[in-house]
Amino acid sequence: MDQIPARPYAYPLPERPPALVVIDMQRDFVEPGGFGSALGNDVTPLQNIVPVVRRLLDCARRLGLPIIHTREAHQADLSDCPPAKRRRGRGALGIGDPGPMGRLLIDGEPGNQIVPALQPRAGELELTKPGKGAFYATQLHSYLQLREITHLLVAGVTTEVCVQTTLREANDRGYECLLVEDATESYFPAFKQATLGMVTAQGGIVGWVAGSEQVIRALESAYG
Ligand code: TIU
């Protein structure tokens, strides 16, 4: 069986290819003037992973893997944004407030678009999600079940918030998840490292971690 060299041990690749899940690579988090920078964060580290995520996407496209992109997005009337979420996680501005790229974290606003280099293409699922996890209040689980997808390769931002929440949700639903470590980033380097440790500790209590080069090489060997 083909496998990806990974921590805490090799990730076995199934016959049916895994899906690539790219979490929230939207301008709100990655570009200056978005929600992430309104919270007081430096977005540069997040911008740095864009080429790596693109290489993963290019590989998945070449090999015909299912691809899912998520955006953290709320309806314009904020009916899907709990007041508790709106009250917390505020910096200079909060969810729904007008910023330089439109209203923060609102579906359809310029800042809510996925960054240009990672734009979804025809045949790829682009999913809006009102929560941190990609399974909460979305069709993701049924989409994957219908296609009998059991393995997920996860990338995107931020590692300890929406990415880790999604990994844990997926873990509880029985998916085998691998987090691509150079294709995920946090505003807080220590939180990223802690997350990588938390995922792989205790025999892979949540899943696996591997670098993009290992992932791409193994995918090409297994499905190319
Ligand atoms: N603030 C932060 O690190 N993250 C979020 O609010 N959402 C995601 O992680 N996508």
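On full extension of the chain, what length is gained from residue 80 through residue 15, given 0.36 nm per residue of separation minus the C-alpha to C-alpha distance?
Numbers: separation 65, 0.36 × 65 = 23.40 nm, distance 3.79 nm.
Extra length available between residue 80 and residue 15 comes to 19.6 nm.
So what J values fall out for the stretch 20-35 if you push phi through Karplus, 6.51 cos²θ - 1.76 cosθ + 1.60 with θ = phi - 60°, rounded to Hz, Gly and Pro as x?
Coupling constants for the stretch 20-35: 9, 10, 10, 8, 6, 7, 9, 4, 3, 9, 9, 9, x, x, x, 4 Hz.
May I ask which residue of 79, 50, 34 lies farthest towards the positive end of the charge dipole of the chain, with charges of +1 (Lys, Arg) and -1 (Asp, Glu) on Cβ and the Cα centre as origin?
Comparing the listed Cα positions along the dipole, 79 ranks first.
Considering only the stretch 29-161, what is the antiparallel percent among its DSSP beta bridges, to the nearest 5? Provide the component values of the computation, followed by the final result.
Details: 2 of 9 bridges.
Once the DSSP bridges in the stretch 29-161 are tallied, antiparallel ones form about 20 percent.
Within the stretch 120-205, which trypsin sites (Lys or Arg not before Pro) sit in a loop by DSSP and count at most 14 neighbouring Cβ atoms inside 10 Å? Don't skip to the answer; put the middle values down first.
Numbers: sites: 121, 132, 147, 168, 173, 192; in loops: 121, 132, 147, 173.
Counting only loop positions with at most 14 other Cβ atoms within 10 Å, the trypsin sites (Lys or Arg not before Pro) in the stretch 120-205 are 121, 147, 173.
Once every Cα of the stretch 56-150 carries one equal point scatterer and solvent is ignored, give the base-10 log of I(q)/I(0) from the Debye formula at q = 0.14, 0.18, 0.25 Å⁻¹, two decimals.
Rounded to two decimals, the profile gives -0.61, -0.91, -1.32.
Looking only at the chain, where both bridge partners belong to it, what percent of the DSSP beta bridges are antiparallel (to the nearest 5)? Don't skip to the end; give the middle numbers.
On the way: 6 of 31 bridges.
Around 20 percent of the beta bridges assigned by DSSP in the chain are antiparallel ones.
At what distance in nm do the modelled label points of residue 122 and residue 148 sit from each other, each positioned 7 Å from its Cα along Cα→Cβ?
Each label point is offset 7 Å from its Cα along the Cβ direction, giving 2.7 nm.
Only Lys, Arg, Asp and Glu count, each charged at its Cβ (+1, +1, -1, -1), so figure out the dipole size of the chain about its Cα centre, rounded to 20 debye. Display every interim value, and only then the final one.
Numbers: 22 positive and 25 negative charges, 47 e Å.
Computed about the Cα centre, the dipole is about 220 debye.
Over the chain, what is the mean sequence separation of C-alpha contacts under 8 Å (at least six apart), divided by residue count, expressed as relative contact order in percent?
Over the chain, the number comes to 27 percent.
Between exposed GluC sites (Glu not before Pro) in the chain, where DSSP calls loop and at most 11 other Cβ atoms lie within 10 Å, what's the longest gap? Spell out each step's value before the answer.
On the way: sites that count: 15, 148.
Between the exposed loop sites, the longest stretch runs 16-147.
Label residue 54 and residue 136 with points 7 Å out from Cα along Cα→Cβ: what is the distance between them in nm?
Output for this residue pair reads 3.2 nm.
Which residue fluctuates the most in the chain, going by a Gaussian network model with Cα springs under 10 Å, if the choices are 130, 189, 110?
Result for the chain, Cα springs under 10 Å: 189 fluctuates most.
Over the stretch 62-107, what number does the Rg to Rh ratio reach, with both radii from the alpha-carbon atoms and Rh per Kirkwood?
On the way: Rg = 14.2 Å, Rh = 12.3 Å.
My calculation puts Rg/Rh at 1.16.
Please report the orientation-averaged projected area of the chain, defined via the convex hull of its C-alpha atoms, in nm².
About 11.4 nm², averaged over all directions.
Mind checking the stretch 1-102 for trypsin sites (Lys or Arg not before Pro) that DSSP puts in a loop (not H, G, I, E or B) and that have at most 10 other Cβ atoms within 10 Å? Kindly include the intermediate steps, with their values, before the conclusion.
Values: sites: 27, 54, 55, 61, 62, 71, 85, 86, 87, 88, 90; in loops: 88, 90.
Loop-located and lightly packed - 88.
When all C-alpha to C-alpha distances in the stretch 109-150 are sorted into bins of 5 Å, what percent of pairs does each bin hold, rounded to whole numbers?
5, 18, 21, 26, 20, 7, 2
If you average the C-alpha positions of the stretch 48-111 and of the stretch 1-34 separately, how far apart do those two centres end up, in angstrom?
Using only Cα atoms to place each centre, the spacing works out to 17 Å.
Since every read-out is calculated from the coordinates, none of them should be taken as a lab result. Predicted, not measured: the structure shown is a model, and the values here were computed from it. FYI the Cβ positions are ideal-geometry reconstructions off the backbone, even for glycines, and counts take in every protein chain you see.
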